[in-house]
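Report on the following structure.
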Amino acid sequence: MTQPTTRTSDAPGPARAGRDAEDFEGQYVSKLVDRWDQLIDWDRRGAGEQDFFVELLREAEARRVLDVAAGTGYHAVTLAQQGFDVTAADGSAEMIAWTRRNAEGRGLSFPAVQADWRRLGEHIGGRYDAVVCLGSSLPHLFQEADRRAALAAFYEVLNPGGMLIVDHRNFDAIRRHRYSSSGNYYYCGTGANVSIAHVDGRLCRFQYDFADGSTHHLDVYPILSDELSALLIDTGFDTVQQFGDFQESYDIDAVDFVIHVARKQ
Ligand code: SAM
């Protein structure tokens with residue numbers, strides 16, 4: 001892991017968050033990107049997810065998969081290892097560089113491109129059987145028009161019969177001030193304490209306190225699960241299924257993440 005090379009986030013007040021937060025690349029400074037794999041813990045994340053995504057994709061007979069929020073490459077790499085024909089994309093140059101490094105380090109080679117979802121078509125050619133947008137990434141878009149544009153772009157690159165899998169933290173519970181994280185899913189590392197510094201209907205600010213005493217903040221839009229399902233239907237998806245922590249039947253007050261599986265006719 002390299003030393004921080006760019007500015008750090010020093011807890012701006014929520015009032016300043018709007019404009020800064022929309023700059024997702026500015027939020028993923030080296031200081032945080034270089035620690036992402038520490039936050040995730042690939043082995044523990046794999047144990048939490050089991051084969052949930054692989055099974056969904058196999059059931060749908062998906063072959064070509066586009067990971068549009070690759071981050072450091074966890075899903076792109078694990079899906080490539082399972083034999084899927086993977087393309088990785090991410091809007092952050094630093095994140096996609098980590099995807100390439102993590103793939104190469106495991107002897108894998110697949111396309112990895114820097115692409116903002118809202119201009120996906122400019123960077124991604126061809127059609128895919130599935131698009132995955134995981135790790136609570138979509139909430140980086142604060143404007144509804146941007147969320148609609150991103151979902152429309154994901155829809156566009158899907159083959160007929162294709163599937164979009166998109167997830168988010170359980171903001172239904174977080175907005176009711178019921179944040180708790182089991183630590184079993186997605187962000188499983190033990191080197192940072194994650195808490196909510198602020199939440200209202202427009203902004204959720206996560207605070208990452210690292211073991212070395214440093215603190216980082218990440219601002220996102222706290223999307224509700226029914227809000228996203230409605231957007232998916234508006235986008236043109238035929239059906240949308242919701243899962244809580246990988247279970248079809250779940251208690252919305254008890255799960256860490258909500259996963260939406262949308263199918264295109
Ligand atoms: N999927 C990875 C994971 O689960 O570890 C990364 C999740 S991280 C919370 C969110 C990712 O979404 C970041 O890598 C960020 O660069 C990317 N992202 C945010 N907004 C984006 C946008 N408008 N276009 C493309 N990527 C974006």
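Numbers below:
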| read-out | value |
| --- | --- |
| Protection proxy ranking, peptides 47-54, 29-36, 216-223, average beta carbon neighbours within 10 Å, highest first | 216-223, 29-36, 47-54 |
| Dimensionless Rg ratio for the range 2-264, taking C-alpha atoms and the 2.2 N^0.38 Å reference | 0.94 |
| For a label point 7 Å along the Cα-to-beta-carbon line of residue 127, residues of the range 145-178 with backbone N under 19 Å | 151-165 |
| Gain in span if fully extended, residue 253 to residue 178, counting 0.36 nm per residue against the direct Cα distance | 26.3 nm |
| Charge dipole magnitude, Cβ of K and R +1, D and E -1 - the range 141-184, Cα centre, debye nearest 20 | 280 debye |
| R0 of 35 Å, Cβ-Cβ distance residue 47-residue 214: FRET efficiency to nearest 0.05 | 0.80 |
| Cβ-defined net charge surrounding residue 91, 11 Å radius [Lys, Arg +1; Asp, Glu -1] | -3 |
| Linear extension gain, residue 239 paired with residue 114, 0.36 nm per residue minus alpha-carbon span | 42.1 nm |
| Alpha-carbon centroid distance for the pair the range 124-150 / the range 206-265, whole angstrom | 12 Å |
| With every protein chain in place, the chain: carbon and sulfur % of accessible area (1.4 Å) | 44 percent |
| Gain in span if fully extended, residue 61 to residue 230, counting 0.36 nm per residue against the direct Cα distance | 58.3 nm |
| Per residue solvent-accessible surface (Å²) - the range 2-264, probe of 1.4 Å | 42 Å² |
| Label point distance in nm, residue 38-residue 200, each placed 7 Å from Cα along Cα→Cβ | 3.3 nm |
| Debye, to nearest 20: dipole size of the range 2-264, +1 on Lys, Arg Cβ, -1 on Asp, Glu Cβ | 400 debye |
| Residue 212 accessible area, 1.4 Å probe, all protein chains in place, Å² to nearest 10 | 100 Å² |
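The values are calculated or read from the model by the stated rules, or taken from the named source; none is laboratory data. Just so it is clear, the structure is predicted and the values come from calculations on it, not from any experiment. Note that each Cβ is placed from the backbone with ideal geometry, even for glycine, and that neighbours are counted across all protein chains shown. For accessibility, only protein heavy atoms count, side chains too; no ligands or nucleic acids. Shrake-Rupley method; radii C 1.70, N 1.55, O 1.52, S 1.80 Å.
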